[in-house]
Amino acid sequence: MATASKQLKLSALVALVVGSMIGGGIFSLPQNMAASASAGAILLGWAITAIGMLSLAFVFQTLANRKPELDAGVYAYAKAGFGDYMGFSSAWGYWISAWIGNVSYFVLLFSTLGYFFPLFGEGNTLPAVVGASLVLWGVHFLVLRGIQQAAFINLISTVAKIVPLLLFIVIAAVAFRLDVFTGDFWGRGNPDLGSVMQQVRNMMLVTVWVFIGIEGASVYSARAERRSDVGKATVIGFISVLALLVLVNVLSMGIMSQPELAGLKNPSMAGVLEEVVGRWGAVLISVGLVVSLAGALLSWTLLCAEILFAGARDNTMPRFLRKENANHVPANALWLSNGLIQLFLVITLFSASTYLNLLYLATSMILVPYFWSAAYALLLGMRGEGYEHATAERRKDLAIAAIATLYALWLVYAGGVQYLLLSALLYAPGAVFFAMAKHERGEPVFTAVEKLIFAAVLVGAAIAAYGLYDGFLSL
């Protein structure tokens with residue numbers, strides 16, 4: 001990578017983190033959370049999420065500082081700690097999560113536009129798919145013009161989409177009613193919600209979804225103007241987004257009851273604001289969501305290409321993904337990612353896939369990369385690697401890494417068996433790319449341990465494929 005491409009300042013890195021995390025999730029948060037949890041369980045869930053995700057943010061900050069030579073983020077950490085196949089799998093899973101997330105954004109974008117133009121329906125009609133395809137390739141050619149230019153536009157869109165969120169928070173704070181918020185606080189009046197612990201577990205994939213992108217600065221660390229800015233951008237972005245998410249979620253539950261919120265159409269923030277100020281509130285949120293999704297699509301298009309390029313640069317991915325154009329953009333990686341997004345957009349015409357279906361699948365794919373990053377930080381702390389003459393820092397980082405690792409395991413459990421199996425189905429085909437890269441280097445494809453891991457992935461994939469055919473699993 002040319003030195004000239006290392007131009008991303010702290011503000012641009014923070015915007016990449018915030019822009020990646022604030023997409024469509026926050027605008028649908030009131031309904032998504034109320035559908036599975038009461039106010040009390042939601043507060044507990046956010047407490048767990050704040051601790052777990054803050055630990056992950058600190059893990060990425062620590063790894064950026066302790067291992068500056070690993071400049072590809074989540075992928076590089078898994079490879080350095082646990083071998084080529086785990087590194088490849090993290091890159092593959094992260095990449096699939098990114099582009100499936102983009103498909104879900106397109107569906108939600110045109111579903112929101114359906115509020116103004118009914119022909120777009122729920123975002124999976126023929127006009128919606130045509131419109132989404134035009135936007136997809138418009139973003140594609142914008143990114144081909146250069147990472148720096150696209151990052152600057154993302155900075156502008158991030159600022160623009162924060163405005164309606166802040167306005168919502170101010171209006172909702174004024175309209176907040178404590179009696180509404182505390183009514184049926186633990187959800188005992190709604191047996192369908194289950195126990196408090198079941199409620200907390202059921203909301204976990206939603207909380208992960210709205211925080212995906214926390215590692216965005218780490219992915220771009222090779223392009224940062226100052227390496228130290230990577231960790232700062234991660235923590236600043238996390239704290240900023242956490243405050244917005246909790247305020248939007250909690251304040252909404254003081255305006256409408258849990259059953260009322262659960263019954264809203266997404267983007268549910270529009271329904272909440274309409275309840276307070278009338279139709280113009282719904283229009284404001286819908287416009288804000290369109291702007292927000294445009295920025296998120298740009299951020300994730302950048303990330304899709306960058307993670308494949310980073311893998312190809314050190315020969316874990318096939319060489320053809322290493323090709324850059326004259327603007328230092330990984331062109332082949334971009335074409336492959338957006339080609340698959342286009343394919344899945346067409347598939348939405350013939351399937352029942354909705355925004356939430358795609359959301360949960362994208363979230364499940366990123367759990368493994370998050371786990372290996374946390375586990376690598378834990379491994380470094382246990383070995384004392386990079387902590388010579390820094391005993392106190394080692395103890396602190398070891399404790400944080402342990403919390404992050406436990407949290408990542410909890411997320412895999414909370415996601416459930418269905419999404420674990422579906423993830424295996426998507427991980428399995430990646431072995432073809434892994435084998436291509438190994439063949440190019442003249443190396444055996446798998447070690448003995450990796451053969452066992454891949455065999456387990458194949459078994460999970462086979463069960464998932466049969467489950468989709470038989471109907472006991474669904475997308």
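The mean sequence separation of alpha-carbon pairs under 8 Å and at least six residues apart, normalised by the residue count of the range 43-111, gives a relative contact order of 15 percent. Taking the Kirkwood radius as Rh and the Cα radius of gyration as Rg, the chain has a ratio of Rg/Rh equal to 0.95. Which angle from 0 to 90°, rounded to the nearest 10, does the C-alpha axis of helix 355-383 make with the longest principal axis of the chain? On a 0 to 90 degree scale, this one is about 50. Computed over protein heavy atoms with a 1.4 angstrom probe, the accessible surface ordering of 77, 115, largest first, is 115, 77.
Just so you know, the Cα atoms of the range 356-428 work out to an Rg and Dmax of 15.3, 49 Å. Solvent-accessible area per residue in the chain equals 38 Å², computed with a 1.4 angstrom probe and all protein chains kept. Take the Cα coordinates of the range 167-279, assign each an equal point scatterer, and use the Debye formula without solvent to give log10 I(q)/I(0) at q = 0.09, 0.10, 0.14, 0.24 Å⁻¹. Each listed q corresponds, in turn, to -0.35, -0.42, -0.73, -1.36.
FRET efficiency for residue 167 and residue 232, Cβ-Cβ distance as r, R0 = 22 Å, nearest 0.05? Here the calculated transfer efficiency is 0.20. Sorting 232, 451, 161, 67 by solvent-accessible area of protein heavy atoms yields 451, 232, 67, 161, largest first, with a 1.4 Å probe. Tell me, what is the 1.4 Å probe accessible area of residue 225, in Å² to the nearest 10? That residue has around 80 Å² of solvent-accessible surface. Modelled label positions at residue 346 and residue 459, each set 7 Å beyond Cα in the direction of Cβ, lie 3.7 nm from each other. Taking a quarter of the surface of the Cα convex hull of the range 241-329 gives a mean projected area of 8.8 nm². Restricted to Cα atoms, the range 52-125 shows a radius of gyration and a Dmax of 18.3, 53 angstrom. Computed from Cα atoms, the angle from the helix 126-144 axis to the main principal axis of the chain rounds to 40 degrees. Quote the FRET efficiency, to the nearest 0.05, computed for residue 184 versus residue 47 with a Förster distance R0 of 22 Å and r equal to the Cβ-Cβ distance. My answer for the efficiency is 0.65.
Multiplying the residue separation of residue 417 and residue 328 by 0.36 nm and subtracting their alpha-carbon distance yields 27.9 nm. The orientation-averaged projection of the convex hull spanning the C-alpha atoms of the range 281-401 amounts to 12.5 square nanometres.
Summary of packing: across the peptides 338-349, 373-384, the per-residue average of other C-beta atoms within 10 Å ranks them, highest first, as 373-384, 338-349. Put 84, 179 in order of accessible area, highest first, and with a 1.4 Å probe you get 179, 84. Between residue 195 and residue 277, the contour length at 0.36 nm per residue exceeds the Cα-Cα span by 26.1 nm. When a/c is below 1.5 the answer is rounded, else prolate if a/b is larger than b/c, else oblate, so apply that to the range 388-466 with a ≥ b ≥ c taken from the square roots of the Cα gyration tensor eigenvalues. The shape class here is oblate.
Tell me the carbon and sulfur percent of the accessible area for the chain, rounded to whole percent, probe radius 1.4 Å. Answer for the chain: carbon and sulfur cover 68 percent of the accessible area. Label separation (residue 385 vs residue 122): 4.8 nm, computed from points 7 Å beyond Cα along the C-beta direction. When only Cα pairs below 8 angstrom with a gap of at least 6 residues are kept, the chain shows a relative contact order of 30 percent. Could you work out the percent of alpha carbon pairs in the range 1-144 separated by over 18 Å, rounded to a whole number? Value for the range 1-144 (Cα pairs over 18 Å): 73 percent.
What FRET efficiency comes out for the pair residue 314/residue 452, r = Cβ-Cβ distance, R0 = 30 Å, nearest 0.05? About 0.75, to the nearest 0.05.
The values are calculated or read from the model by the stated rules, or taken from the named source; none is laboratory data. It should be emphasised that the depicted structure is a prediction, and the values quoted were computed from it without experimental measurement. Heads up, the Cβs are rebuilt from the backbone with ideal geometry, glycines too, and the neighbour counts pull from every protein chain shown. When the accessible area is computed, the model is the full protein with side chains, heavy atoms only, and any ligands, DNA or RNA have been set aside. Shrake-Rupley method; radii C 1.70, N 1.55, O 1.52, S 1.80 Å.
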